[in-house]
Amino acid sequence: MRILTKAILALCAAAAGHAQAITVFACEPEWASLTRTLLPEVSVRTATTHLQDPHHIEARPSLIAQIRGADFAICTGAELEAGWLPMLQARAGNPKVQNGQPSMFFAAQHVELIDPFKGTITPFSGDVHANGNPHFHTDPRRVLQVAKALAARLGSLYPAKKPLVDQNLTNFESELQAKIAVWEKQLQALKGRSVITQHASFGYLWPWLGLKPVADLEPKPGMPPTAAHLEKVLAISKTQAPIGIIIAQHHDPKPARWLAGSMGMPSKLSIIPATVTDDQPGAITRWFDQLVTQVTGLAK
Ligand SMILES: [Zn+2]
């Protein structure tokens, strides 16, 4: 009898433990952080870091194992992960996180995208964003839209967690709204100024802050800068008086360094992580704080 009671207790404990352990696969650290912000108890595996180009990562066996064991997956979508996520989904064979399933959440489906690629895509087009720029996490207002949609999805998948998720969403929303007001004030003086960029990594930042991107170091999206193209960018910079050059941390800094030196403003190069530098709750706010500090630093 005692053995039976022990066995039942062990089974109950296992069931309770299993019910709590929601395993999440996040393609990018900003969505890992957002999921943890809304539901801190989840166990999250994040496929990429701020030091990687999210367009191009290797579909490693460890990632296949992680997505195979996931209860829920959150990715950007809009073809950002087109080079690796479909392969992971196919090889993992986890029916829960295939496209169209409620446990496969694409953030891009919940925001309006800017700059869809117009024209014919050829093998020489580069990493064009056919559906629009997928780097929308650089607009905190869009992050908030994603947070609302994610909270609704988590609440419907895990009804017992809904009150907690909704409360965390309310907290996140009020914190971020207050921060947005502060950041906009900090960057107000930069409105209308020009900036030189690389790739569309911060493409949503410019319209939000009223900055004008006047040249891109990449001759084509996703293609490294060439000497001939950099000469053109240098010519543009002489007529536009940009506040500086902003590139992402995963870009090779050499071309931008050459350009800043040639423009006679070597200190006006800002290398910014293209996303959050950790995947814990609060990472998004911390990253925007850093971003705003670095951008305002350029104008000084
Ligand atoms: Zn891109």
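If I model a spin label as a point 7 Å beyond the Cα along the Cα-Cβ vector, how far apart are those points for GLN240 and GLU58 in nm?
In this crude label model, GLN240 to GLU58 measures out at 3.6 nm.
By the scheme Lys and Arg +1, Asp and Glu -1, what is the net charge of all other residues having a beta-carbon under 13 Å from that of THR170?
Charge balance in the 13 Å sphere: -1.
Tell me, what % of the accessible area of region 186-298 is carbon and sulfur with a 1.4 angstrom probe?
Answer for region 186-298 is 57 percent, counting heavy atoms of protein chains only.
By Kyte-Doolittle mean hydropathy of at least -0.5 and Cα axial length of at least 24 Å, which whole DSSP H helices of the chain are selected?
Those that clear 24 Å and a mean of -0.5 are 2-20, 140-157.
Which of LYS148/LYS232; LYS191/LYS232; LYS96/LYS212; LYS185/LYS238 have a Cα-Cα distance over 31 Å?
LYS148/LYS232; LYS96/LYS212
Starting from region 119-175, pick out the chymotrypsin sites (Phe, Trp or Tyr not before Pro) whose DSSP state is loop and whose Cβ has at most 11 other Cβ atoms within 10 Å.
Sparse-neighbourhood loop chymotrypsin sites (Phe, Trp or Tyr not before Pro): PHE124.
Before anything else, pin down the relative contact order of region 17-96: Cα pairs under 8 Å, at least 6 apart, normalised by residue count, whole percent.
Answer for region 17-96 is 35 percent.
If r is the Cβ-Cβ distance from GLU184 to ALA65 and R0 is 41 Å, what FRET efficiency results, to the nearest 0.05?
On the way: r = 43 Å, r/R0 = 1.04.
Efficiency at R0 = 41 Å is approximately 0.45.
Determine the share of region 34-175's accessible area contributed by carbon and sulfur atoms, expressed in whole percent, with a 1.4 angstrom probe.
54
Grab the DSSP H runs of the chain that are 4 residues or longer, score each as -39,500 (n - 2.57), total them, divide by all residues and round the 222 nm result to the nearest 500 deg cm²/dmol.
Calculated from helices alone, the mean residue ellipticity at 222 nm is -14000 deg cm²/dmol.
Given a 1.4 angstrom probe, what's the average accessible area per residue across region 89-223, in square angstrom?
Value returned for region 89-223: 48 Å² of accessible area per residue.
In 10 Å bins starting at 0, how do the alpha-carbon pair distances of region 186-298 split up by percent?
Spelled out per bin, shortest first, that is 14, 48, 31, 6, 0.
How are the Cα pair distances of the chain distributed, in percent, across 10 Å bins from 0?
For the chain, the pair-distance distribution reads 6, 25, 31, 21, 10, 3, 2, 1, 0.
Treat every Asp and Glu Cβ in the chain as -1 and every Lys and Arg Cβ as +1, leave all other atoms uncharged, and give the resulting dipole magnitude about the Cα centre to the nearest 20 debye.
For this selection, approximately 300 debye.
Can you tell me, using C-alpha contacts under 8 Å and at least 6 residues apart, the relative contact order of region 20-181 as a whole percent?
Rounded, it is 21 percent for region 20-181.
Tally Lys and Arg at +1 and Asp and Glu at -1 over the other residues with C-beta under 12 Å from the C-beta of LEU154: what net charge comes out?
Every neighbour counted, the sum reads +2.
The values are calculated or read from the model by the stated rules, or taken from the named source; none is laboratory data. This one's a predicted model, so the numbers in the text were calculated from it and none came from an experiment. A quick note on method: Cβ atoms are made from the backbone with ideal geometry, for glycine too, and the neighbour counts reach across all protein chains shown. To get the accessible areas, we keep the full protein, side chains included, count just its heavy atoms, and leave off ligands, DNA and RNA. Shrake-Rupley method; radii C 1.70, N 1.55, O 1.52, S 1.80 Å.
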